[in-house]
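S.K.: The following block contains the structure, expressed as structure tokens.
The values are calculated or read from the model by the stated rules, or taken from the named source; none is laboratory data. Remember, it's a predicted structure, so these values are computed and weren't measured experimentally. All Cβ positions, glycine included, derive from the backbone under ideal geometry; neighbour counts span all protein chains shown. Keep in mind that these areas ignore ligands, DNA and RNA; they rest on the heavy atoms of the full protein, side chains included. Shrake-Rupley method; radii C 1.70, N 1.55, O 1.52, S 1.80 Å.
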Amino acid sequence: MKYRLLIFVLFGLISLASAQSSNEDIKSFEIENNSDIIKPNLLSNHPLGMYISRINHNFKVRSPEKFSFSLDVSSGNVMLPYVKSYELTNPTDREYAANFPWHDREFKFDLNTVPAQTKKFIADGVIRSYKFTFSLPLTAHHELNFGVRAYSLDKGKYPFSVFTSDESIEWFHSTIAGGEDPFSRRYYGLNQAKISYRDENNNFITMNNGDFRIPGIEINYFYYPQLRMNKSHKIYLNFGTHLGINISRYNPVADIGISSSAIKKIVVRDKNILSIGVSAGALRQRFIQFGDRVNISNQTFLYSFDGLIDYKRKLSNKNSISYGINYAFQTSYNKKKDFDHIILTGERIKTHWQQTFSHLYESLEGWSFICTYSVKKFSYYISLREDLRLDNAPDLQTSFGVKMSFKR
């Protein structure tokens, strides 16, 4: 009797262990084969940032099985009215200016005689970005991808700008939230298209309606280490190195960067996958300079951070749909301490008029909602990005794209 009871208990324990092992195997299989996060290019269509090779953070957990192509197209509405800045050069003037808030400094100096370096900036219109990426697996844990980025500027009229046109945005402000014409679009005129930036050395960046630019290319390498915690805790890491070659005449430089991501996977109902990831990166600007450039940013390094929550639901016929929320952070284009001795002048039409220049001295933030539908070799995705910090560069950004993956 004792032996029969012992055998029964052992058989039960073995069965339980087998069931748990089988369940873990199912979860591991789902993560290894069905958990790819397809994150589109979520970088903002910034009128100056387009000339810098910024890092688009990676939340994949493994190298692709074979090569893949992707194309992302996004539209961002920008409204930055004309503002002129004076960066004081005399130490005494700087110290005196720091005693006053920025909006009072204009009245404390004679701007016709005070020693200062001046800049001018205006940006209005819909900036469209086009990002083509080719990904190539080197081994199971190493990936190389190549990207080309291009931009165009237009007035954002219907039907090509349903959500990002001036009319749509101002209708939202007037009828739902924001108030009447909070960024002076109606005051300056709807459906304008112009970008003009002049640095302190009288170098210009200009872009007009219909202009098309290819500012740069990039090469990214990613390493996906195989670690014990991949199976035990469903936590994955990846490490990236980035080389951006900016080929525009405005910023002929090479930038280099590094990034790292950590992703936690949770299998829900044995087939759906919840992913939570964080990623950080640093970009060293102007690592190599090929010629004269416009002073777009006076920072040596741009630091960035991304957070992502993604829920992927399996459908019939091996199709899937996923929903994600992405938070993006980037340090300011210019040194924050310089704003203590900056004087801004412009038409004080609305309370946000100074954002044209002031946002260049503040950290940038953006929230994106992403939806992806995958079927066989193709994945189709859309996203919407909003700058809750109200730097208005861009105010609202939408994107869509397609990825074609080839499998063994």
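S.K.: Would you point out the residue of segment 24-41, among those that are within 27 Å of Phe301 (Cβ to Cβ) and surrounded by fewer than 23 Cβ atoms within 10 Å (Cβ to Cβ), that is modelled with the highest pLDDT?
M.R.: If we filter segment 24-41 for residues that are within 27 Å of Phe301 (Cβ to Cβ), which is where we start, we get 37, 39-41.
Subsequent filtering for residues that are surrounded by fewer than 23 Cβ atoms within 10 Å (Cβ to Cβ) retains 37, 41.
Details: Ile37: 84, Asn41: 93.
Here the answer is Asn41.
S.K.: When residues of segment 139-165 are filtered for being within 25 Å of Val61 (Cα to Cα) and either free of Cβ contacts under 8 Å to residues at least 40 places away in the same chain or not aliphatic (A, V, I, L, M) (or both), how many remain?
M.R.: 8
S.K.: Could you tell me whether any residue of segment 81-92 is under 30 Å from Ile38 (Cα atoms), of a type in the set (S, T, N, Q), part of a strand (DSSP E or B) and open to solvent by less than 30 Å² (accessible area, probe 1.4 Å)? Can you show your working first?
M.R.: So the first thing to find is which residues in segment 81-92 are under 30 Å from Ile38 (Cα atoms), and the list is none.
So far as segment 81-92 goes, no, none of its residues is under 30 Å from Ile38 (Cα atoms), of a type in the set (S, T, N, Q), part of a strand (DSSP E or B) and open to solvent by less than 30 Å² (accessible area, probe 1.4 Å).
S.K.: Output the number of the condition that Leu136 fails; it satisfies all remaining conditions of (1) in a helix (DSSP H, G or I); (2) open to solvent by 30 Å² or more (accessible area, probe 1.4 Å); (3) within 30 Å of His57 (Cβ to Cβ).
M.R.: (1)
S.K.: Next question, about the same structure. Asn56 - would you say it is in a loop (DSSP other than H, G, I, E, B) and surrounded by 17 or more Cβ atoms within 10 Å (Cβ to Cβ)? Can you show your working first?
M.R.: Numbers: in a loop (DSSP other than H, G, I, E, B): yes; surrounded by 17 or more Cβ atoms within 10 Å (Cβ to Cβ): yes.
In short, yes.
S.K.: Looking at segment 317-338, which of its residues are of a type in the set (Gly, Ala, Ser) and either in contact (Cβ under 8 Å) with a residue 60 or more places away in the chain or outside any loop (DSSP other than H, G, I, E, B) (or both)?
M.R.: Ser320, Ser322, Gly324, Ala328
S.K.: Moving on to the next point. If we keep just the residues of segment 139-160 that are touching an Asp or Glu at 6+ places or on another chain (Cβ under 7 Å) and assigned to a strand (DSSP E or B), which is farthest from Tyr361 (Cα to Cα)? Reasoning before the result, please.
M.R.: Pass one, segment 139-160, residues touching an Asp or Glu at 6+ places or on another chain (Cβ under 7 Å): 147, 152-153, 156.
With the extra rule that they be assigned to a strand (DSSP E or B), the set shrinks to 147, 152-153.
On the way: Gly147: 29, Ser152: 25, Leu153: 24 Å.
Per the stated criteria, the residue is Gly147.
S.K.: Looking only at segment 101-133, how many residues end up being in a loop (DSSP other than H, G, I, E, B) and touching a helix residue (DSSP H, G or I) at 6+ places or on another chain (Cβ under 8 Å)?
M.R.: Here is the first cut: in segment 101-133, the residues in a loop (DSSP other than H, G, I, E, B) are 101, 106-115.
After this cut, where a residue has to be touching a helix residue (DSSP H, G or I) at 6+ places or on another chain (Cβ under 8 Å) as well, the list is 108-109, 114-115.
Summing the residues that are in a loop (DSSP other than H, G, I, E, B) and touching a helix residue (DSSP H, G or I) at 6+ places or on another chain (Cβ under 8 Å) in segment 101-133 gives 4.
S.K.: Cβ-Cβ below 6 Å, separation at least six or inter-chain, first residue in segment 225-254 and more than 21 Å from Asp36 (Cβ to Cβ), second acidic (Asp, Glu): which pairs?
M.R.: Gly244/Glu218; Gly244/Asp255
S.K.: When the residues of segment 334-366 are filtered to those that are hydrophobic (A, V, I, L, M, F, W, C) and surrounded by 16 or more Cβ atoms within 10 Å (Cβ to Cβ), which remaining residue is nearest to the chain's Cα centre (by Cα)?
M.R.: The residue in question is Leu364.
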